[in-house]
1. Given the condition surrounded by 10 or more Cβ atoms within 10 Å (Cβ to Cβ), touching a strand residue (DSSP E or B) at 6+ places or on another chain (Cβ under 6 Å), part of a strand (DSSP E or B) and modelled with pLDDT under 80, answer yes or no: does some residue in the range 5-19 qualify?
2. Would you mind listing the helices (runs of 4 or more DSSP H) fully within the range 54-165 where at least 3 residues are at pLDDT 75 or above and touching a helix residue (DSSP H, G or I) at 6+ places or on another chain (Cβ under 7 Å)?
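The values are calculated or read from the model by the stated rules, or taken from the named source; none is laboratory data. Please read these numbers as outputs of a predicted model, since none were measured by experiment. Cβ coordinates were reconstructed from backbone atoms using ideal geometry, including for glycine residues, and neighbour counts include every protein chain displayed.
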């Protein structure tokens, strides 16, 4: 009985350690609201980073992960362009994660996303924050790759109008 309780408590802790938050940016007052479809045909993905701690290659890795995630959805809607800026980035080092575990805090990435028409007219803007506390297991996994993949998945789901987890 106590083993079942321990396993349930551990599972609850692991599940509560991950979160995705999406904040939509409202259109300015008086601005024309363009028609928006969740089945956009994203033809171009590009990004940049303003996060001081984002290591080299993070923008390129997120760009590629986004291309893969977006290709898994419908591509039948009107053409659009997705641009992003990584505004916050934190991955706990493997040694720290091994020694301190969950107490080292969460890995997190915040990405500001803008979707425009090919001509540059704004369709939608939102911000995705993905946080995950890998606890001690993070010392034995690719924390950066996992965070990038999970963030790309959350952005693609938001673009398609699907719920994020």
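1. Yes, the range 5-19 has at least one match.
2. Result: 58-71, 143-160.
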